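Working notes for the structure below.
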Amino acid sequence: MALTFSGHESFPCKSFWLKKGYDFLQEGGDFNAEEAVVQLGVGKNMVRSIRFWLKAFGVVDENQQITEWAHLIFDESNGADPYLEDIGTLWLLHYKLATQGVADIYQLTFNHFLAEPYEFTEKALEQYLTQVGKNEGQTLNANTLKRDVQVFGQTYLGKKASKAEEIEDTYASILVDLPLFHRESRQVRSLQDRMRDDHIELLATKPGTQPELPKEILLYAILRQYSGRLTITLDELRKDPNGPGKIFLLTQEGLYDKIRQLEDTYTEYIRYSETAGNAVMQFQEKMAAQEVLKHYYHVG
């Protein structure tokens with residue numbers, strides 16, 4: 001399948017767009033209709049961007065039908081967190097974005113690119129994606145990749161505001177409250193002029209214990225990734241593509257701590273054991289991922 005690095009119209013998803021798009025569809029809205037601009041209260045490019053982000057976050061499926069978990073979160077009357085006030089919802093949205101396979105930069109970055117360089121420039125990520133495209137037989141447009149990498153950074157860090165009226169944009173992106181990335185400015189000696197120092201800006205991150213990640217969101221991700229399995233090794237959880245270790249940037253210690261917490265909370269369902277040095281998470285019986293979300297949000 002062809003890799004996708006466009007569709008967002010160069011707009012990162014704003015914090016209210018998923019709810020706005022969800023309500024629009026619930027009310028029978030059509031993104032292709034001329035009146036969508038008026039009904040959504042945004043320009044044509046933003047209409048297309050909202051439609052893209054709904055699919056990228058898994059709010060709608062490939063048939064543009066609203067998904068079950070999205071109803072649970074965004075429903076106006078009974079939604080568990082329609083205005084994204086719970087940090088667990090942001091972790092859930094990050095998981096969806098990085099595993100849906102719609103916006104490929106997120107899946108590739110967390111599953112593969114971040115295996116080594118925990119400090120990197122946007123240019124380095126562009127070069128990596130260019131090489132991935134070549135490996136897949138695709139020639140990717142350099143400007144498209146540049147914009148996609150910029151939107152990636154803005155998704156987690158917001159825009160860099162240079163004027164007072166732009167400050168709101170710094171905090172408007174949907175996942176800026178997650179502690180996954182930060183910007184660093186580092187002094188380097190210029191190769192062109194060894195007497196002059198330049199500064200390069202880095203996106204920096206590092207796997208950690210992620211104390212703000214709710215254990216139920218982790219469990220939801222495990223149940224989605226390893227559907228039907230009753231035994232999963234800690235090594236798989238840490239290293240598998242789309243597994244919680246990579247997607248949530250969790251260390252082995254972080255995974256161990258959260259699985260122990262899950263064992264304490266769900267004693268009838270979950271066991272942790274170590275046999276001959278092999279750490280294993282075991283389910284005593286099958287659990288439903290959607291029911292775990294309901295338990296977390298205290299909804300029926």
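Quick note: the coordinates plus some simple rules give every number you see, no bench work behind them. No experiment lies behind these values; they were computed from the predicted model shown. Cβ coordinates were reconstructed from backbone atoms using ideal geometry, including for glycine residues, and neighbour counts include every protein chain displayed.
Rounded to the nearest 20, the Cβ-based charge dipole of the chain about its Cα centre (Lys and Arg +1, Asp and Glu -1) stands at 840 debye. Extending 7 Å from the Cα toward the beta-carbon at both Ala142 and His182 defines two label points whose distance is 3.4 nm. Cβ crowding within 10 Å ranks Ser173, Ser6 as Ser6, Ser173, fewest other Cβ atoms first. With the alpha-carbon atoms of the chain aligned to their principal axes, the span from lowest to highest coordinate is 61, 55, 42 Å, starting with the largest. In the stretch 215-297, one over the average inverse separation of all distinct C-alpha pairs is 12.6 Å, which is the Kirkwood hydrodynamic radius.
About its Cα centre, the dipole of the stretch 17-172 is roughly 640 debye, where the only charges are +1 on Lys and Arg Cβ and -1 on Asp and Glu Cβ. How much mean residue ellipticity at 222 nm does the chain get from its helices, if each DSSP H run of length 4 or more adds -39500 (n - 2.57) and you divide by all residues, to the nearest 500 deg cm²/dmol? Computed mean residue ellipticity for the chain: -13000 deg cm²/dmol. Once the stretch 17-172 is represented by equal point scatterers at the alpha-carbon sites, with solvent omitted, what log10 I(q)/I(0) does the Debye formula produce at q = 0.11, 0.12, 0.15, 0.16 Å⁻¹? For the requested q values the scattering log ratios are -0.52, -0.62, -0.95, -1.07. Taking Cα centre as origin and charging only the Cβ of basic (Lys, Arg, +1) and acidic (Asp, Glu, -1) residues, the dipole magnitude of the stretch 215-297 rounds to 260 debye.
If you take the Cα centroid of the stretch 273-300 and the Cα centroid of the stretch 109-155, the two points sit 34 Å apart.
Which of the chymotrypsin sites (Phe, Trp or Tyr not before Pro) found in the stretch 1-35 are loop residues per DSSP with 14 or fewer other Cβ atoms within 10 Å of their Cβ? Passing sites in the stretch 1-35 are Phe16.
Could you tell me which residue out of Ser227, Gly133, Pro211 lies farthest along the dipole of the chain toward its positive end? Charges go on the beta carbon: Lys and Arg +1, Asp and Glu -1, centred on the Cα centre. Working it through, the farthest residue towards the positive pole turns out to be Gly133. Relative protection proxy for 49-55, 228-234, from highest mean packing down: 49-55, 228-234 (other beta-carbon atoms within 10 angstrom). Among Gly208, Gly153, Gly43, which one shows the highest mean-square fluctuation when the chain is modelled as a Gaussian network with alpha-carbon springs under 10 Å? The residue that fluctuates most here is Gly43. Annotation for the stretch 228-252 versus the stretch 1-79: alpha-carbon center distance of 30 Å. Projected onto its three principal axes, the C-alpha set of the stretch 1-102 covers 35, 33, 23 Å, listed from the longest axis down.
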